[in-house]
Amino acid sequence: MAAPSGRRDGGGGTRLWATVLLAAVALWPAEAVSEPTTVAFDVRPGGVVHTFSQSVGPGDKYTCIFTYASQGGTNEKWQMSLGTSEDHQHFTCTIWRPQGKSYLYFTQFKAEVRGAEIEYGMAYSKAAFERESDVPLKNEEFEVTRTAVSHRPGVFKAELSKLVIVAKASRSEL
């Protein structure tokens, strides 16, 4: 928060600003929106199925699991970022290659969530990097279910650089 600009009136305006600032600090919520947790991992080629997962939220309430197989090249550094809403009813999972486009050929992929149901899911062949934008996969190349975003066998063109999931807490059964 920046101090208001303008003429100082011998302290009266400064005292008012200080009072407003102190009131804002006193009313600040005790629990802020969680900072995203970002973890780096290697995507390894070789055609073998690999899995990487992370959990977030109170008691690790939500889990994001990335399962894939890829071919060509060498290991690539990827990242998984997870975050929760202030009320812990929504969480996000983003899996991506920070350098933009991956040079690996993915034979399969699946990003799965536990503890929540997907409200939005998207897959990209190219992740935004420098002045370039995200390039989404064609809708027919992947599918979104209640708990996963995954490739469609026979239609997926082997290019993947980013996955984004926004999910809402699963309803608990009584």
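The values are calculated or read from the model by the stated rules, or taken from the named source; none is laboratory data. Just so it is clear, the model here is predicted, and its values are computed rather than measured. We place every Cβ from the backbone using ideal geometry, glycine too, and count neighbours over all the protein chains shown. These accessible areas exclude ligands, DNA and RNA; they are computed on the full protein's heavy atoms, side chains included. Shrake-Rupley method; radii C 1.70, N 1.55, O 1.52, S 1.80 Å.
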>> Give me a comma-separated list of calculated 3J(HN,Hα) values for the range 68-75, in order, Karplus coefficients 6.51, -1.76, 1.60 applied at θ = phi - 60°, integers in Hz, x for any Gly or Pro.
In response: 7, 9, 9, 10, x, x, 10, 3
>> Assuming 0.36 nm per residue, please report the length gained on full extension of the stretch Ser170 to Tyr120 beyond their Cα-Cα distance.
In response: 16.6 nm
> Excluding same-chain residues fewer than 8 positions from Lys101, which lysines have a Cα within less than 24 Å of its Cα?
Replying inline: Lys77, Lys110, Lys126, Lys138, Lys157, Lys162
> Along the range 118-126, what does the Karplus equation 6.51 cos²θ - 1.76 cosθ + 1.60 (θ = phi - 60°) give for ³J(HN,Hα), rounded to whole Hz, x for Gly and Pro?
Replying inline: 5, 9, 8, x, 8, 10, 10, 7, 9
>> Using each residue's phi in the range 147-162, evaluate 6.51 cos²θ - 1.76 cosθ + 1.60 at θ = phi - 60° and report the 3J(HN,Hα) Karplus result to the nearest Hz, with x for Gly and Pro.
In response: 10, 8, 10, 9, 5, 9, x, x, 10, 4, 8, 6, 9, 8, 9, 6
>> Just to make sure I understand: if all protein chains stay in place, what is the order of Tyr62, Tyr120 by accessible area at 1.4 Å, largest first?
In response: Tyr120, Tyr62
> When only DSSP loop residues count, what GluC sites (Glu not before Pro) in the range 130-170 have their Cβ near at most 14 other Cβ atoms within 10 Å?
Replying inline: Glu130
> Asp134's amide H: which non-local residues (gap 5+, or another chain) put their own amide H closer than 5 Å, with H modeled 1.01 Å from N in plane and none for Pro or chain starts?
Replying inline: Ala128
> Out of the range 84-173, which trypsin sites (Lys or Arg not before Pro) are coil in DSSP terms and have no more than 10 other C-beta atoms within 10 Å?
Replying inline: Arg131, Arg171
